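Chemist: What follows is a single structure, and I will ask about it in a moment.
Readers should treat all values here as calculations from the given coordinates under stated rules, not as data from a laboratory. Just so it is clear, the structure is predicted and the values come from calculations on it, not from any experiment. With ideal geometry, Cβ positions are generated from the backbone for all residues, glycine too; neighbour counts draw on all protein chains shown.
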Amino acid sequence: MKNIPIVIDFVVNNDLCIGCGLCVYKCPSKALDMRFNELGFLVPELVDDCDLDGACITVCPFNINPLAEIKSENELANNFLNETENSHPKIGKYKNIYAGYSEEHRLTSSSGGMATFVLTDLLQRGIVNHVFSVKKGTEGGAHYEYAISNNKQELLKGSKTRYFPVTLATVFSQLDKLNGNVAIVGVACFIKAIRLAQFSDPLLKEKIPFLVGIICGGVKSSFFTDYLSNKSGVENKQYTNPNYRIKNFDSSAGDYSFGCTSVITKEKKSIKMRHVGDMWGTGLFKANACDFCDDVTTELADISVGDAWLHPFVENGRGDNVLVTRSNLAEQIIKEGIANNSLKLEKLSLDQFLASQKGSFNHRHKGLPYRVKRANSKGQLTPPKRILIDESSFFFKIVQFFRLKTRQRSIELWKNNPYSLNFDAKIKTLLSVLKFATRLNHKFNSLKTKLKSEN
């Protein structure tokens, strides 16, 4: 019988894997490979004998027992982001906060094109020679995957957000063979995994001098894309080229569509996401690990980029970003872009930025103690977290309870019967209860605020 790698025993089997794939890169036995599981997520699987070295767990962002000096994002930030003047418990270390867009890349990106601008600038300056970003997949079943860009033209092929499971294992296997430096774009957990790898191997800090963080609402199962394609009118799994953010330039930022192409008819199909319903606040098709992440703003990146979900930016369908600079180089790139009119940005106040991510802060921070306590009471292991004081109300906990149920139930339903009409009918009651609980919570909060102001 083969030995079970520690990362599988403590992370995968505990439903805490997010699919970053750094364990595959770190494993000295080459005993792991990333593969899709039955729930539509990429996870490491044992493919060869494991020597139980334990290196795999050292780079896992959901390690349940990390070293004290890298226990959380706070300790890692102290190791890697020492150029910052400001710090906030909700957003980590930062230099400045902006909102706006890139003149060149705005219309071809999911929002304001800022990630593409920064990565292109790094290549053109010669600071990096390669970029690891997400592009169209080359293997069957993987619509998108991490790939290597060596110039601007190659980079532009991956300039949109993709809500499909990907893994860094596809590119990290080639890292040591590449001449020159590398920039990487990723969500918070992936960025954390890279920082953990750099901590255990300082040479990787030189090899990877810049990280672009994408502010994330949660990693989705491949079921999410299957559902949207079926919802748009394509036979189940008979689709290609899924596009998650088709903008309506003449409308608002939230008025976007999902689109794909039927493999059978070759027709392009699309559906307005507002007609689909809330796919983010409900937790539908989301990874379980996401409910134990407290990094809302990719705190460990050199620059963090997200959608500008605040007024007046949200009213423009062409797209805008919010961004947080966290290193001198990031700040330099942004200031020079503003000076030469490549970037149309304005500074945001801390309060404005916090308001733009209010929903994520409520769920990731305020709801975290409840989720940790509930998981632990059921014997589930959880990684150490920075926020463990539960100050939430009874109504808020009810909302958390039904979000957990909705997330789990959505994946179970699609696994057993992958058709959108059946799925919608069976998940409808649970979504209605969650919506009702959310309304009760909002009314409670409004009443609490009113009574507080009167006193």
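Chemist: Note down the net charge around ASN341, summing +1 for each Lys or Arg and -1 for each Asp or Glu among other residues with Cβ under 12 Å from its Cβ.
Modeler: Result for the neighbourhood of ASN341: -2.
Chemist: Right, something else. Under a cut-off of 18 Å between alpha-carbon atoms, report the aspartates and glutamates in cross-link reach of LYS448, not counting same-chain residues fewer than 8 places apart.
Modeler: Those aspartates and glutamates meeting the cut-off are ASP390, GLU391.
Chemist: Per residue of the range 108-117, what does 6.51 cos²θ - 1.76 cosθ + 1.60 with θ = phi - 60° give for ³J(HN,Hα)? Whole Hz please, x for Gly and Pro, Karplus curve as stated.
Modeler: Once rounded to whole Hz, the list reads 9, 10, 5, 9, x, x, 6, 5, 4, 4.
Chemist: Sticking with this one: Placing +1 at every Lys and Arg Cβ and -1 at every Asp and Glu Cβ, with all other atoms neutral, what dipole size does the range 6-58 have around its Cα centre, in debye to the nearest 20?
Modeler: Value, rounded to 20: 220 debye.
Chemist: Another question, then. Of THR382, ILE64, LEU32, whose Cα points farthest to the positive end of the dipole of the chain (charges on the beta-carbon: +1 Lys, Arg; -1 Asp, Glu; origin at the Cα centre)?
Modeler: With unit charges placed on the Cβ atoms, the residue in question is THR382.
Chemist: Just want the ordering: ILE338, ILE184, from fewest to most Cβ atoms lying within 10 Å of their own Cβ.
Modeler: Fewest-to-most ranking of ILE338, ILE184: ILE338, ILE184.
Chemist: So what does the Cα-only Debye profile of the range 343-455 read at q = 0.21 Å⁻¹, as log10 I(q)/I(0), no solvent term?
Modeler: With one equal scatterer per Cα and no solvent, log10 I(q)/I(0) is -1.20.
Chemist: Helix-derived [θ] at 222 nm for the chain: sum -39500 (n - 2.57) over DSSP H runs of at least 4, divide by residue count, nearest 500?
Modeler: Calculated at 222 nm, the ellipticity per residue is -10500 deg cm²/dmol.
Chemist: Okay, moving on. Looking at (1) 25.6, 86; (2) 22.3, 71; (3) 21.4, 68, which value of Rg and Dmax of the Cα atoms in Å comes from a calculation on the structure shown?
Modeler: Recomputing Rg and Dmax of the Cα atoms in Å here gives the entry labelled (3).
Chemist: Given charges of +1 on the Cβ of Lys and Arg and -1 on the Cβ of Asp and Glu, with all other atoms neutral, how large is the dipole of the range 327-423 about its Cα centre, in debye to the nearest 20?
Modeler: Here the range 327-423 has a charge dipole of around 600 debye.
Chemist: Taking the Cα centroid of the range 389-440 and of the range 104-175, what is the distance between the two, rounded to the nearest whole Å?
Modeler: Cα centres, the range 389-440 to the range 104-175: 33 Å.
Chemist: Continuing with this model, one more query. Quick check on packing: order 164-172, 62-70, 442-450 by the mean number of other C-beta atoms within 10 Å, highest mean leading.
Modeler: Most protected by this proxy first, the peptides run 164-172, 62-70, 442-450.
Chemist: In percent, how large is the relative contact order of the range 320-455, given Cα pairs closer than 8 Å and 6 or more residues apart?
Modeler: Relative contact order, the range 320-455: 18 percent.
Chemist: Tell me, ARG386, ARG326 in order of fewest to most beta-carbon neighbours within 10 Å?
Modeler: Ordered from fewest to most neighbouring Cβ atoms within 10 Å, ARG386, ARG326 come out as ARG386, ARG326.
Chemist: Given the pairs LYS237/LYS266; LYS93/LYS192; LYS160/LYS272; LYS136/LYS415; LYS231/LYS415, which span a C-alpha to C-alpha distance of over 20 angstrom in this model?
Modeler: With Cα atoms farther than 20 Å apart: LYS136/LYS415.
Chemist: Then there's this: If pairing requires two Cys Cβ atoms under 4.7 Å apart, which cysteines of the chain are left without a partner?
Modeler: Cysteines lacking a close Cβ partner in the chain: CYS17, CYS20, CYS27, CYS50, CYS60, CYS189, CYS216, CYS260, CYS290, CYS293.
Chemist: What size of dipole, in debye to the nearest 20, comes out for the chain about its Cα centre when the only charges are +1 on Lys and Arg C-beta atoms and -1 on Asp and Glu C-beta atoms?
Modeler: Using Cβ point charges on Lys, Arg, Asp and Glu, the chain gives about 1660 debye.
Chemist: Give the relative contact order (percent, whole number) for the chain; include only Cα pairs under 8 Å separated by 6+ residues.
Modeler: In percent, rounded to a whole number, it is 18.
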